[in-house]
Amino acid sequence: MDSHLDLSSGQNVGSNETSLDDIDSQFASPPEDQDCQKPAHVKATPPVDPSKKRTRSASLGSSSPGSYESRHDDATEDATSEHSEGNHYIEALENIWAKKKEAEALKEVWRKEHHDKIVALEKKKLELHEWDLELRQRAEDCKVMSMDISSMSERQQQYFTRMQDEIIARQLGSS
């Protein structure tokens, strides 16, 4: 467009004269002036499985492509394919659910086995700890029993004699 709008006078300057009405007509009318119509109901089609080819068998008595019978056949075929596709979805979900249940069962078996192993290890650990305490006690007992108390004071001799008597009584009692 070669024309320019002179802002001070509000008139166009140049070879082409266009009015403001011409400029307004180039743009859409406001929403309240437009006739709004609701869109027609459109039937959603299911996604097409690319691995399946859709074929239509033609017979001598088949209907023409635009006839009611043709549309009715298409709708019936779509409903049948939707039903079979729905069955495939249901079968797939059931398969996934069965695998999930199987995995959960295996996980539960693993947890039980793991728990049993932990319990067995804890028992073994307790037995080893008891055996270690027994060995330490025997080492202490052996040390007390082999002491020479002749060079000790009378009080110390009494103490160690009493300890030796306790060790002998414990050994005789556990045998």
Checklist entry - Shape of segment 113-168 from its Cα gyration tensor (a ≥ b ≥ c, root eigenvalues): rounded if a/c is under 1.5, otherwise prolate when a/b > b/c, or oblate? => result prolate
Next on the checklist: Run the numbers for T161 and I118: contour at 0.36 nm per residue of separation, minus the present Cα-Cα distance, in nm.
Outcome noted: 11.0 nm
Checklist entry - So how do 135-144, 117-126 stack up, highest first, on mean other-Cβ count within 10 Å? => result 135-144, 117-126
Checklist entry - On full extension of the chain, what length is gained from E154 through E134, given 0.36 nm per residue of separation minus the C-alpha to C-alpha distance? => result 4.2 nm
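Every read-out reported here was derived from the displayed coordinates using simple, explicitly stated rules and does not represent laboratory data. Small disclaimer: the values here were computed from a predicted structure and weren't measured. Counting neighbours? That spans all protein chains shown, and the Cβs are built from the backbone with ideal geometry, glycine included.
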